[in-house]
1. Go through segment 131-144 residue by residue and tally those that are exposed (fewer than 15 other Cβ atoms within 10 Å of the Cβ) and closer than 12 Å to residue 33 by Cβ.
2. Can you tell me which residues in segment 163-220 are among the small types (Gly, Ala, Ser), within 16 Å of the ligand (Cβ to nearest atom) and in contact with a Ser or Thr (Cβ under 6 Å, 6 or more places away or on another chain)?
3. Let me confirm something: among 126, 150, 136, 90, which residue is among the β-branched types (Val, Ile, Thr) and in contact (Cβ under 8 Å) with a residue 40 or more places away in the chain?
4. Go through segment 217-232 and give me each residue that's modelled with pLDDT of 95 or more and aliphatic (A, V, I, L, M).
5. Go over the candidates 362, 296, 354 one by one and state the one that is within 16 Å of the ligand (Cβ to nearest atom), in contact with a strand residue (DSSP E or B) (Cβ under 7 Å, 6 or more places away or on another chain) and farther than 24 Å from residue 254 by Cα.
6. Does residue 235 count as of a type outside the set (Gly, Ala, Ser), within 16 Å of the ligand (Cβ to nearest atom) and either under 24 Å from residue 104 (Cβ atoms) or at pLDDT 85 or above (or both)?
7. Quick check on segment 20-40. Is at least one of its residues at pLDDT below 95, among the polar types (S, T, N, Q) and either in contact with a strand residue (DSSP E or B) (Cβ under 9 Å, 6 or more places away or on another chain) or in the same structural domain as residue 292 (by TED's automatic domain parsing) (or both)?
8. Report whether or not residue 45 is crowded, with 20+ Cβ neighbours inside 10 Å, in contact with a strand residue (DSSP E or B) (Cβ under 7 Å, 6 or more places away or on another chain) and modelled with pLDDT of 95 or more.
Amino acid sequence: MLRAMANSALDDVSYHQLRQLVGLVDHDLAGDPFPVRAMDAVVFVVGNATQTAHFYQSAFGMDLVAYSGPETGNAEYKSFVLRSGSARFVINGGVRPDSPLLDHHRRHGDGVADLALEVADVDQCVEHARASGATVLTEPHEVSDEHGTVRLAAIATYGETRHTLVDRSRYSGPYLPGYEARDRSVPKPEGAPKRLFQAVDHCVGNVELGRMDEWVSFYHRVMGFVNMAEFVGDDIATDYSALMSKVVANGNHRVKFPLNEPAVGKKRSQIDEFLEFYDGPGCQHIALATNDIIATVEAMRAAGVEFLNTPDSYYDDPELRARIGEVRVPIETLKRHRILVDRDEDGYLLQIFTKPVGDRPTVFYELIERHGSLGFGKGNFKALFEAIEREQERRGNL
Ligand SMILES: [Fe+2]
């Protein structure tokens, strides 16, 4: 039962692999008011979907699997569906000048419009969400084509972000009705790994000052999520900026949503900068789970992806070895790749963060390789934020 629920229609990564990759825990689904199977897709609205779909193939090693656009009868926008293991990204861009996607892009720039969730029973989830005070944006309905039927609905979360709820148990097509299967349109470099990441580990939301607890309680109340960890105040403060962060997750931790709000620092925090340039709350970063972060970082760097530069002092600190103990790669290798490492009572994790991938200083990525740790790199926050602030300073936003 646990296994059946943990595996979604999307998986071509085994339950055992996922358990290590994203840190699954056992969960009794009986009585779960809002049983979530997995992330269905991270859905982006961007200024140029055609070129962004190229980027995620060439730089993130993802496979193009489906497409909808003017050539398939969708005159309003282009939509590219990309996969890497159990992770699915959908990249949408307006074609017709009156497309609402262009209004979204004018306001927010390239960003995440929808964190879509695969659920077993759309109607049960919507009923529970409505009774708990959530805003239902789209009522449950069905769409069909020759591959079967999908049941869909959508509820609102922070800012203009939504959670589409998808039951695809009666559907065998490449994504949703209206999409055609496509093959990779960008050749893979010779000798490239099969894929650079296997799953989405977590998606972080930045919300306004003073509203984090409200959204934490939204996920508890509406979606039955549980608290995973809590970092507040000094835990994530540097001399210049600070933030508060709490993490909510579905029962088995397959879906994890850290929520950040700015805290008062001497200067403007990275969360304030995001809220200004995204023009409101939104998804700040997506963490991608890999089982070989060294190979992933090497391949992404070779493809031109830029990562935050952790200072030498992080690796030369004599306390680092004491803090992290034995990890699978030598510190010299971590230093060469600027990968961060953190340990807690359950194990350790390796992680690294990209610079923002669009024009605005908003959305970025994390790569994470978990070895037992269910955390988020709390011990790295200070070292990391100091590195982020050096970048903010270069942009004149500190
Ligand atoms: Fe993260």
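1. Result for segment 131-144: 1.
2. 199
3. Going through 126, 150, 136, 90 in turn, the sole match is 90.
4. Correct list: 222, 223.
5. On the way: 296 fails: farther than 24 Å from residue 254 by Cα; 354 fails: farther than 24 Å from residue 254 by Cα.
Every option except 362 fails the conditions.
6. Values: of a type outside the set (Gly, Ala, Ser): yes; within 16 Å of the ligand (Cβ to nearest atom): yes; either under 24 Å from residue 104 (Cβ atoms) or at pLDDT 85 or above (or both): no.
For residue 235, the condition - of a type outside the set (Gly, Ala, Ser), within 16 Å of the ligand (Cβ to nearest atom) and either under 24 Å from residue 104 (Cβ atoms) or at pLDDT 85 or above (or both) - is not met.
7. Scanning segment 20-40, I find at least one residue that is at pLDDT below 95, among the polar types (S, T, N, Q) and either in contact with a strand residue (DSSP E or B) (Cβ under 9 Å, 6 or more places away or on another chain) or in the same structural domain as residue 292 (by TED's automatic domain parsing) (or both), so the answer is yes.
8. Working: crowded, with 20+ Cβ neighbours inside 10 Å: yes; in contact with a strand residue (DSSP E or B) (Cβ under 7 Å, 6 or more places away or on another chain): yes; modelled with pLDDT of 95 or more: yes.
Considered against the rule, which asks whether it is crowded, with 20+ Cβ neighbours inside 10 Å, in contact with a strand residue (DSSP E or B) (Cβ under 7 Å, 6 or more places away or on another chain) and modelled with pLDDT of 95 or more, residue 45 comes out as yes.
The values are calculated or read from the model by the stated rules, or taken from the named source; none is laboratory data. Note that the coordinates shown come from a computational prediction; the quantities given were computed from them, not determined experimentally. Quick reminder, even Gly has a Cβ in these numbers, built from the backbone with ideal geometry, and neighbours come from all protein chains shown.
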